[in-house]
1. Mind counting the residues in region C:167-193 that are more than 22 Å from C:M153 (Cβ to Cβ) and touching a helix residue (DSSP H, G or I) at 6+ places or on another chain (Cβ under 6 Å)?
2. From the list B:V118, B:V132, which one is of a type in the set (V, I, T), open to solvent by less than 10 Å² (accessible area, probe 1.4 Å), within 8 Å of chain A (Cβ to nearest Cβ) and assigned to a helix (DSSP H, G or I)?
3. In this structure, is C:R104 within 12 Å of another protein chain (Cβ to nearest Cβ), of a type in the set (K, R) and within 29 Å of A:G208 (Cα to Cα)?
4. Under 8 Å between Cβ atoms, which residue pairs at least 6 apart in sequence (or on different chains) link something in region A:34-45 that is more than 14 Å from A:F246 (Cα to Cα) and in contact (Cβ under 8 Å) with a residue 12 or more places away in the chain with a partner that is open to solvent by less than 70 Å² (accessible area, probe 1.4 Å) and part of a strand (DSSP E or B)?
5. Suppose we filter A:N132, A:N128 for residues that are over 20 Å from the mean Cα position of the chain (by Cα), facing another protein chain (nearest Cβ under 8 Å), surrounded by 14 or more Cβ atoms within 10 Å (Cβ to Cβ) and without any contact (Cβ under 8 Å) to a residue 24 or more places away in the chain; which single one remains?
6. Looking at region A:220-231, is at least one residue at pLDDT 90 or above and in contact with a Cys (Cβ under 7 Å, 6 or more places away or on another chain)?
7. Quick check on region C:271-321: of everything there that is among the basic types (K, R) and farther than 12 Å from C:C261 by Cβ, which residue is surrounded by the most Cβ atoms within 10 Å (Cβ to Cβ)?
8. Report, by residue number, each residue of region C:320-359 that is under 11 Å from C:A292 (Cα atoms) and of a type in the set (S, T, Y).
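The values are calculated or read from the model by the stated rules, or taken from the named source; none is laboratory data. Computed from a predicted model, the values in this text were never measured in an experiment. Note that we place each Cβ from the backbone using ideal geometry, even for glycine, and neighbour counts take in every protein chain shown. Each accessible area value is taken on the protein alone, full model and side chains, heavy atoms only, with ligands, DNA and RNA left out. Shrake-Rupley method; radii C 1.70, N 1.55, O 1.52, S 1.80 Å.
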Amino acid sequence: MNLRSEGAKGVALSAPATVYVGFLVAAPLLILVAYSMWTQTYVDIDRTPTLANYREAFTDPLVRHLMIRSILIAAAVTVVTVALAYPIAYFIAIRAQKKTLWLLLITIPFWSSYLLRVFAWKLILGFNGVLNSALLALGLIDEPLTFLLYNEFAVVLTLAHAWAPFAILPIFVSIQKIDPSLLEAATDLGSSRIESFLRVTLPLTLPGIIAACLVIFIPTVGDYVTPSLVGGSDGKMIANLIQVQFGAANNWPLGATLSLLAMLSVGFVAIVFVLSANGFGRRIR
Amino acid sequence: MKLAFGLQTYAFFYLGFLYLPVLFLPLFSFNDGTIVAFPIKGWTLEWYRQLGSQDTLIQALVNSLLVGAVSAMLSTAMGLFAARAYVRYRFRGKRISEGLVMLPLVVPGIIVASSMLVLFISMGLKPSLTAVILGHTFLALPFAVAIMKSAFDDFDVSLEEAALDLGSTVLETFRRVTLPIVAPGIVSSLLVTFTVSFDEFVLAFFLSGNEPTLPVYIWSQIRFPAKLPNTLALGSLLLLASVLLLVIAEFFRRRSSKSLV
Amino acid sequence: MTETNIIEMTGVEKRFGTFTAVSDLSLSLREGEFFSLLGPSGCGKTTALRMIAGFQEPTDGRVTIDGQDMQGIAANKRPTNMVFQSYAIFPHLDVGDNVAYGLRNRGLKKAEIENRVSEALEMVELGGLQRRRANELSGGQRQRVALARALVMRPKVLLLDEPLSALDKKLREQMQFEMRRLQRNLGITFVMVTHDQYEAMTMSDRIGVMFDGKLVQVDSPETLYAKPCNREVASFIGEMNFLPAQVSARQENSLTVTTTCFENLKIETNPNVRQGYGDILVGIRPEQIEIAAKQPDGYDATFRGDVVNVAFYGENVHYHVRVEGLDRPVSASVPNYFHMVDFREGDSVWLGVQSASVIDLGENEPS
């Protein structure tokens, strides 16, 4: 290796990964922007720049409806997942004897195919599905429950299941990092258990909570598989509409426009969330 | 004490919530009936036996293995070098670079899929296994970087310096000292990135064209109720394979961090 | 200093499984004194402190603070506050909010909190630094914040767990004086845990020495140094030359002893040691041994030896002198001024001691 300085070695070694990811993030983005200003005419593409796609996206109530629903569902998934995960992360970090075993147990189901896990929920929640048949067999219900599948509830439940480890891990790390003497200091200064949790543990784990929220919220807004399989018509999300544009409807420019808009809305919501969460954190004293 | 007990109880319920859905697939794959519901009619291996005679399934499996193997090697190779740079060197743009390679973890799947489709078409690359490999390498890279970073973190730099001091060239040092020590990390990264690719659906759905990978094949089968038992059997095998791969990867990862103690 | 006892520990014991961290500890702390628990790491001193603070419950025995039994009273309800070894400064709060933390638990009015916080910060010479972030503080400043945060609570007893161990030497010495001054001005009882004998001696009114979970001796620094109760304490606090001695006569307050170095020397009995009937061990501090080229005048005992090692410490020079009949060389330390004494390895020298410098350490138990 004839590279002289440390810096040059570092740049050279990290270059393939950086360039690869950089290219596959930047180039598609630019082309999406270009496509979003073109027009689909049957099988051909008219490359005259126009904002017609954006106009269509903004005026179409279906687009607005799906976008808002996607964000609301993603927000609900985030809240449910993080709220369910926090006590687990706390338990593993503070109480559990075998931390690595617990972490491994939590992550194993996540390594099975996402598609299959969603599929499993479809089978469980269905009209003639596992849950209904089990409840019927046990005599707890007289006829199958219909509110289980093909609605927002099913989507939120399935996604909260799928994203669990992503919420647990960052929160676990942030709890693990807390110096135990900080909690003792809080107790020593007169805080009860709940007070020291609210005034010390919670603000110190806020970065972990924020990370967990982002890692769940951002991909969830654009999720395709779950709404397709368990969402029914009430649970469809923006990704389904985008897929239709690239598939059956064969309107790539509109699909590109919707992708870009979805990305922008996600980014906007995420930034507002991070700012307000941090602001909230600073007010805890 | 009451709180601790409550937390533990909750933790076990939570584990149940995580595992039960996944365990229903294997359970019903042995069910001697085509409807997935209780009570179980009887036990059979018929659904597994039928899998062997489905040519399109075999072809999809071969495609998935190929895509997985190539993406695993590409992403692990890039991850290996990048992780070494992040752990060993200080350089300008390091933080940006480190953040950038983690980006694929958080970009919504549909956006990656649609934008890559558009990009590849514009570059003249038709949807194909090559396109899927490029996409999966992108998605798997953060995993490779993270695993290799922890492997290098545990690696004592003075070992390399000792090898150089004893007269090895830089390349020899890498081959005889660095590589053997981080080898468990590399194996672990290969297994994990392979699993990421093997299980991935949305990108493959957009980019595979008429060469489906296994998840894309399963997607096409899910719509047919008659095929349901076969799909369950296939899914169960996939679950088993993923979990086995992960456990082996974890075994290697632990060996890499223990080897230096 | 009054003679009221602010803390009483009676027969306190702490076991972790089969390991006994503290055994049968009985200790009375006087109101307004600066008390140190001194001992090597793992001797149980921190456990003892944490039992006073309420972070650990005694397995057996009783702790009372200001006459009140602390059994079952949680740490957040005790009239003690603690300065932690790591300082435990809340990283998400600034200096002012750190100090105000405990006051907010008490639900005081905002204006009063502000007053007391700024008063406490003045006290530790951090006046006006309320809005400084925790991560912008130096080690010494963190220590002061930790002190202010505990003192602002006006505790009956302030507990300090190795409060100076994270600081470098210069700063440590400065803080020793400041903490001493603060304690005197406030009149609050300070209980400090430390493994550093010099720290304990410079700061404390009284020191409790602990070994292996047992409290061995409680005395003022001067008494501990002059009349240690056994060989362990003698060698833990300062340096000591040990000589086995035969007792030829026992009087009311004195013993006549003979060692390899001197014969029939009359020394004072040590009230802190158990008196037996057999041979005893005596100790001599290195700085109390004179070293000279010729036989020195005016000493109660003189003997010869050969210099085997010279160690230069700056303010002192240590000579290791081999004396015929002793397994270990005798160590003598001489202040370094004007090069009045200057010996080299191999020189033949005379050593001299006064009988008052020879300390009776009680029965010679084989160690």
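1. 3
2. Of B:V118, B:V132, the one residue that is of a type in the set (V, I, T), open to solvent by less than 10 Å² (accessible area, probe 1.4 Å), within 8 Å of chain A (Cβ to nearest Cβ) and assigned to a helix (DSSP H, G or I) is B:V118.
3. Taking the combined requirement at face value, the residue satisfies it.
4. A:W38/A:I45; A:W38/A:D46
5. A:N132
6. For region A:220-231, residues at pLDDT 90 or above and in contact with a Cys (Cβ under 7 Å, 6 or more places away or on another chain): absent.
7. C:R285
8. The one that is under 11 Å from C:A292 (Cα atoms) and of a type in the set (S, T, Y): C:S348.
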